[in-house]
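Report on the following structure.
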Amino acid sequence: MGSGYPNIEQSDHFIPNFSMTDHLLFNNWVFENIRPYLRGRVLEIDSRSGLMSALFIENNIPVHLSDPNKNNRENLQKHYKENPNFKKVHNLDPNSSDFENLHSNKFSLIDTVILTNVIEHGFYNEKAIQNATKFLPLRGRIAIIIPAQTTLYSQDEENSELMIKYNSKSIRSLLSPELEPIMITYCKFITAMLIVARKI
């Protein structure tokens, strides 16, 4: 039925000194934090090795996957094609110069976009986040990870107002005006913030 992690031995884009165990723990932490905010049709951008994808599929959350790399798409398709929670793998690059022409037929059709694969990809830039937002209808949700610019608060701090206060510049520079944060928490594995925002 296509469960477990596909092709993880070929995932060689990890953050330096970030072990496979660290990677799996990080993904589980991200998943558990965003899980309460998942709604409707879910799209994961930049699925890569499928380490995060597996968590959605194994927890019976139907999900669309995507990757700009043909080999990655073929590996994901092969591994999950018999699993009913796997919907499709899309050829999608959020930084494509022709993004609107290629993907306008999917705009406003995705309820939740996942943009959290920073361990394999690195942090996403403003263009990628804004393009990903185009898939959302009003009140649609996006989960993203951005760099934390301050250590003025405790890493155990869960106060979203303080997260916004101390990191307002980086949040404003990356989130488009049409996104409103509804959850912010500090990533304890890397110097970053996990944000869930909705389109307004």
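What pairs in Lys81/Lys188; Lys87/Lys127; Lys81/Lys134; Lys87/Lys188; Lys88/Lys127 have C-alpha atoms more than 29 Å from each other?
Details: Lys81/Lys188 34 Å; Lys87/Lys127 26 Å; Lys81/Lys134 27 Å; Lys87/Lys188 32 Å; Lys88/Lys127 24 Å.
Check vs 29 Å cut-off fails for Lys81/Lys188; Lys87/Lys188.
Convex hull volume per residue, computed on the Cα atoms of the stretch 10-110, equals 118 Å³.
Quick note: the coordinates plus some simple rules give every number you see, no bench work behind them. What you see is a predicted model, and the numbers here were worked out from it, not measured in a lab.
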